[in-house]
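See structure below.
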Amino acid sequence: HDALQVKSINDFTDSLAKALSEGEGTPSKELTRELLAEGLRRALEIGGDVAKKRFLEALAANIHKFALQEQYSLSRVYPVEISSEYSNLSSFFTDGGPGAEDAGSARGLPAVDNATIATAEPAAMSELRRRLPSLPPKPGAGADELMNRFRELQTSQALQAVDARTRASFFGEVRLNLFRFTDLAQKELVDVFPELKAEVVRLVDSMTQEIAVWLDEERIASQGGQVPQASVVSKLRSLFQAVLSAPFLATFRHLGAGEKRAKEAFLLKIALCLKICAKQFGEMTELVELSGQLRRSFFYVEGYGELMEEWLQNRVKTLNEEFVQRAAAKLGANLAAVLARLRQQFLPGRWLFLSDPKVEADLITLLVDDAFPRHVVTVESFKQVLQKVRSFGGDDFHCYRDVVRLPPRVQQHPLTIPRDMVETALFEVFRRLPAFPSITRAAAGPGHFLFGRLEVIFQLQGTELMAQVVSAAPGMASPPQELVKALDFFEKFGPQEFPTIAAEAVKASESFQASPLTAIQDLGAPALPPPVPLSQQGFGAFPQMPPPPPMAAPGSFAKATSFRPPAPGGYGAPAPPLMPTAKFGLEDDEI
């Protein structure tokens, strides 16, 4: 590497170190992403040991500014330690893997001695730090005496004499022991020392991040992903216990009006957690008991009772309306840039889960901003926005339940020849959907088909294909015989009749296979060939399907059997006519 290139790299890493040292408050997500990027680690290797050591010292000296999950991520990449004040949370996400020192040595990075970075503490600070954890759990004379020490001029001078990292570490320990002081003393400490207020907010933000990580892991596990269900339950138990711990409860109580965003973010995440717990783990006694304590601690309002469900429903509704409105405004203002990003994320012909944590996060960042709450935007809201793209002059997204794709670049061809205009329109609907098992022509006549256990009539009204369920298999509850759009019919009854179709479509996409369109067959017709694998060129170039078989002569098709129950006159009676179209957690002012 030439000297000019090395100098350019070192200027870049030095600029990051300067941003870390001079920045106030929590570093931006953009800076965090830059620090975690693989390109930066390669740059540090090229820049040489001196520049690398300079960068790592700056990172170690300022890691306390990051929220907990980000500290952990950085410690897995660089040889720096998580701030000691967060040690009580580290068990939530450590997996027994190599620690920071091991991670550093594995990457060939020089070790950094954090002890040499911090300024030596004055005696007054060391004495306070030593006595804090020895105070009784309940406030008493010892806490009152120690509170007087905090008020002394000597303590103020000691705090001013040390560097920012040492001060932050000290107030992290004060925050962990706030519950040992009286409520009035706690409030005084938080009001007098801005660093303590910052630690209060940082801990709540960190806990919120940990709950968000759990929500992602639970979603992946529920989709059959790599996260074991036992791990999800174990971590949920740990999170609930930590939130109910005396240090955290005392910390949360001191979020004021200026920290409303942090407070609401935490309440949203823990409420979503509790809702999932009630639905998925309602038979686990310990989790049920912890859930009850959390509801009473954060969502009970004197005179109104426990209001979590009502509050959560209202906030989710409001946030979804805001998301749709802001996303539509962004599409209207900057369609070209948004469309370019969407085309990078959604490859033509590839189905993706809208509930996938990465897809969800990317869409929220793109369509609104990365400060907008995650886990509250519904699949319906995402679909509503993506389906608006076409009205702004963009692509026509295909949506089915909780999966979505851009259309394949090459049109998919049916494996059978449509017999009439209704079947031609039906194939056009199938182009927008994952492949179902073949739909079968029923004996009642043209337009009648068997879809799973249902008999349905399709008919054209102008250019719109409509569907109406006629009957169901014996033993099934009779579905409503309403006339609906064909696409809406498959959205409603597809998951009921073929519940795994969406997941199979995503899996086929991941394995570079694409199914042909759903086929229309006669009962007894030979099975169709399996889906043809795509070439490694990727999605967007679906293989040409084999030509459809020649149409049989009239009367040679096998007769399909209808599921329609006997009507007056026995089987084969005319079908019925088509129907026409038809101040802790929640406070009083937050209800």
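The values are calculated or read from the model by the stated rules, or taken from the named source; none is laboratory data. Because the structure is a prediction, the values reported are computed rather than measured. So basically every Cβ, Gly included, is an ideal-geometry build from the backbone, and we count neighbours across all protein chains shown. Please note that ligands, DNA and RNA were not included when accessible areas were found on the heavy atoms of the full protein model with its side chains. Shrake-Rupley method; radii C 1.70, N 1.55, O 1.52, S 1.80 Å.
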- prompt: Cα centroid distance between region 407-455 and region 482-498, in Å?
  reply: 13
205, 216, 49, ranked by accessible area, largest first (probe 1.4 Å): 49, 205, 216
task: For 463, 500, give the ranking by accessible area with the largest first, probe 1.4 Å.
output: 463, 500
query: Fully extended, how many nm does the chain gain between residue 340 and residue 477 (0.36 nm per residue separation, minus their Cα-Cα distance)?
result: 44.7 nm
- request: Using R₀ = 30 Å, calculate the FRET efficiency as 1/(1 + (r/R₀)^6) where r is the Cβ-Cβ separation of residue 296 and residue 187; round to 0.05.
  value: 0.85
field: Separation of the residue 12 and residue 284 label points, Cα + 7 Å toward Cβ, nm
entry: 4.4
message: So for region 238-359, considering every pair of alpha-carbon atoms, how many percent are separated by more than 22 Å?
response: 53
message: I need the Kirkwood Rh of region 167-317: take the reciprocal of the average 1/r across all distinct C-alpha pairs and report it in angstrom.
response: 16.5
field: Estimated vicinal HN-Hα couplings, Hz - region 271-285 in sequence order (Karplus 6.51, -1.76, 1.60; Gly, Pro = x)
entry: 5, 4, 4, 5, 5, 5, 4, 5, 7, 9, 10, x, 9, 8, 4
P(r), alpha carbons of region 119-226 - 10 Å bins starting at zero, rounded %: 13, 39, 25, 12, 9, 3
message: Given the whole protein assembly as supplied and a 1.4 Å probe, what does the accessible area of residue 400 come to in Å², nearest 10?
response: 0
- prompt: Measuring from centroid to centroid over Cα atoms, what is the spacing of region 161-193 and region 372-394 in Å?
  reply: 44
- request: Any chance you could look up the accessible area of residue 359 with a 1.4 Å probe, heavy atoms only, rounded to 10 Å²?
  value: 10
task: Any chance you could look up the accessible area of residue 402 with a 1.4 Å probe, heavy atoms only, rounded to 10 Å²?
output: 50
